[in-house]
Amino acid sequence: DKIIKVCTAFGVNMYQWPASPEQAQQRDAALRKSLREKEVALRAFQDIMRAEAADLVAPASGNPGGNSMIEDWRLFCIKEKSIYTVLNQCEEGMALRVNVWYPASDEAKIQTILKAERENDQAQGAFLNPDKGAWKSTPPTYIRTNEYTEAWQDVIDTYGIPRYQEANPALITVVTFPFIFGMMYGDVGHGTLLTLAGVYLVRNAESFRHTQPVLFGARFLVLSLGIFAVFAGFMYNDMFSVCLPIFASRFEDKNHDGHYTPMYDVTNSGGPGPYPFGLDWAWGGASNELLYVNSMKMKLSVLFGVLQMIVGLMFRWSNALYDKNMTDFIFECVPMMVFMLCFFGWMDVMILYKWTHPIDNAPNIINSLICMAMGQKDLNPLWPGSVQLASQLMKYTVLSVPFLLFPKPFILLWQHNKAQAQKTKDGHHMLVDEEQGAHSAGGHGHGDEFEFGEVFIHQIIETIEYVLGTVSHTASYLRIWALSLAHQQLSEVFFQKTLTMGLEMPFPANGIMLYLMFAAWFGVTLGVLLGMDVLECFLHTLRLHWVEFQSKFYKAGGEKFAPYNVKALIATSSAE
């Protein structure tokens, strides 16, 4: 009895022990019969589940090449859930009403579609009533793209979405990004291989659409990078570190002693011109090739860097003019442009003048800029009167700094006091949104209350950031020269240590070694110059656009226009 009580307390299953062999056989037969019945029921259930699972994973009867039935159900649930989410945002009444954003240029098209639907439907249908009043919220940003510009817009959107009606950097990035990349990566051979990769991605785009969506989106980007790299390679006259004798050289070795003299008019006085396109191939292998090419690429980097920053300031001008913000235009845009042109623009003028005008005792540009900034006398002027002009430009450069620093905070203070006086005069309190709008008209919103000290400190920081940033950004563009030099030197080293070594061997060893050396050369070219170097040049080009270029005008505080799209929603869900 104690054992039975303990088993009962612990919930132990207890069975009647048969009293005789006959009872044991009867019990065994009953259990075996019950087991067989349960096994039959289990197999029947499993057969039913297999049949149901086969129906769920098989395509629907009406669409044999489509999704499985359970996938169609899943996508149907996603679609219905999204539809009800949108309906929950509607206001009930005589009819459902909802506020939506839409592109103004598509209004007529939307009205036409809704009218056609109302004519086909016996019910009331949908209407679009444009609201031309003041915005209750900031409109989203909608930028039309095509297959080519979509990738470049994604590059900009990764940094930030443009504000509504803000100048879009992608407008010029479509050209400047592959161009600067080409300046870094300029090589006819490597650029051709990169172009072929882009052509392959474009021709086989549909096979990558769903399997490799990143490659599908970047196909035209890769193609553009390759084309501009080929163009820059022709400008540098560099193909796998070998110069191409496309045109007749403008240098000759008169005495056959290795000293080449120019055959063109070096004084630029109307005689024969220089090499018609790009770098003369006679520079290839010259003892002073590296010195000359480095100087040329360094100056080109600074020229295009300053030009791109000036374009960025012009976009800043367009933002201020579109917003009708004359405070920002006069007291920020104008002094910024004066500072840029009077110092760095003058530096570009000096570079171009030295290239196009022969000077017996040519000045060093860095020394001339130091004399200009320090107020010292330049003993080697570019032309008579250039020192006086540089001194005058330096005065404008210095005067632009206080003009950028002081007026704007006091103008914002005056606008704020004027708004407060008008509020008191009218005898009513302004809404918070109206007050913020009055402050932002001067270019900055600083919360619910206007704090002059905060505005002034903000302007000090912006002035220091622009002045010092312009200097550092100009120097940062020298990375174009550095990457181009690294690419050219790596290409030369790989060529000399592989193919050149095979060519220099005696016959017949050279024939065998060329096969092996070509494999080594091609492998290291693919791995380093077409792999790591492409990524490195891309990242440095990306930095030049995000920091040096876009910092001149781009605020990136917008919200992307994302209309309700069932097809895109289902496609995104299927990809996941």
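The values are calculated or read from the model by the stated rules, or taken from the named source; none is laboratory data. Every value quoted in this text rests on a predicted model; they were computed, and no experiment measured them. We place every Cβ from the backbone using ideal geometry, glycine too, and count neighbours over all the protein chains shown. Quick note on the areas: whole protein, heavy atoms, side chains included, nothing else; ligands and nucleic acids left out. Shrake-Rupley method; radii C 1.70, N 1.55, O 1.52, S 1.80 Å.
In table form, for the structure just shown:
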read-out	value
Exposure rank, largest accessible area first [VAL306, VAL40, VAL242, VAL174; 1.4 Å]	VAL40, VAL242, VAL174, VAL306
For region 486-535: accessible area per residue (Å², 1.4 Å)	60
Solvent-accessible area per residue for region 1-75 (1.4 angstrom probe, square angstrom)	90
Rg [Å, one decimal], Dmax [Å, integer] - the chain, C-alpha atoms	37.1, 133
Potential lengthening between VAL199 and SER34 on full extension [0.36 nm per residue; Cα-Cα distance subtracted]	52.3 nm
Region 95-168: Rg to Rh, with Rh as the Kirkwood radius over Cα pairs	1.08
Percent RCO, i.e. relative contact order, over the chain, from Cα pairs under 8 Å lying at least 6 residues apart	17
Solvent-accessible surface (1.4 angstrom probe) belonging to LYS33, in square angstrom, nearest 10	110
Long-range amide H partners of THR141 with built H, under 5 Å	GLU559, LYS560, PHE561
Whole-Hz ³J(HN,Hα) from phi, Karplus 6.51 cos²θ - 1.76 cosθ + 1.60, for region 326-342, glycine and proline x	6, 5, 5, 5, 7, 9, 10, 5, 5, x, 4, 5, 4, 4, 5, 6, 6
Segment ALA286-PHE522, extension gain: residue separation times 0.36 nm, minus the distance between their alpha carbons	82.4 nm
For PHE251, residues with placed amide H under 5 Å, excluding near neighbours	MET263
The chain, helix-only ellipticity at 222 nm - DSSP H runs n ≥ 4, -39,500 (n - 2.57), divided by all residues, nearest 500	-19500 deg cm²/dmol
log10 of Debye I(q)/I(0), alpha-carbon scatterers only, for region 126-249 at 0.11, 0.19 Å⁻¹	-0.53, -1.04
Centre separation in Å (Cα based) which lies between region 100-165 and region 330-346	38
Portion, in percent, of the accessible area of the chain that falls on carbon or sulfur, probe 1.4 Å	63
Residue-span extension gain [LYS136 to VAL467] - 0.36 nm each, minus C-alpha spacing	115.4 nm
Solvent exposure, largest accessible area first (probe 1.4 Å, DNA, RNA and ligands not counted), of PHE45, PHE549, PHE10, PHE277	PHE10, PHE45, PHE277, PHE549
Between 0 and 90°, nearest 10: helix 452-476 axis offset from the chain longest Cα axis	70
Tilt relative to the chain, helix 188-203 - C-alpha long axis, 0 to 90 degrees, to 10	30
Proximal aspartates and glutamates relative to LYS109, as straight alpha-carbon distance under 16 Å, when same-chain residues fewer than 8 apart are discounted	GLU117, GLU119
1.4 Å probe accessible area per residue over region 265-333, in Å²	51
Region 454-532: equivalent-ellipsoid semi-axes (sqrt of 5 x gyration tensor eigenvalues, Cα, Å)	52, 11, 4
Mean-position separation - Cα centroids, region 243-274 and region 306-327, in angstrom	44
FRET efficiency estimate (nearest 0.05) - Cβ-Cβ, PHE406 to ASP121, R0 60 angstrom	0.40
Between helix 170-185 and the chain: long-axis angle, C-alpha atoms, 0 to 90°, nearest 10	70
Cβ-based charge dipole, the chain, positive-most Cα from PHE538, ILE172, THR8	THR8
Solvent-accessible area of ARG32 with every protein chain in place, 1.4 Å probe, in Å² to the nearest 10	140
Cα Rg, Dmax (largest Cα-Cα span) when computed across region 8-103, Å	29.1, 92
Solvent accessible area, Å² - LYS354, 1.4 Å probe, full protein context	60
Given charges at beta-carbon only (K, R positive; D, E negative), |dipole| of the chain in Debye	640
Order of exposure, largest accessible area first, which applies to VAL155, VAL57 with probe 1.4 Å	VAL57, VAL155
Per-pair calculated FRET efficiency, R0 = 35 Å: HIS256 and LEU307 via Cβ, rounded to 0.05	0.25
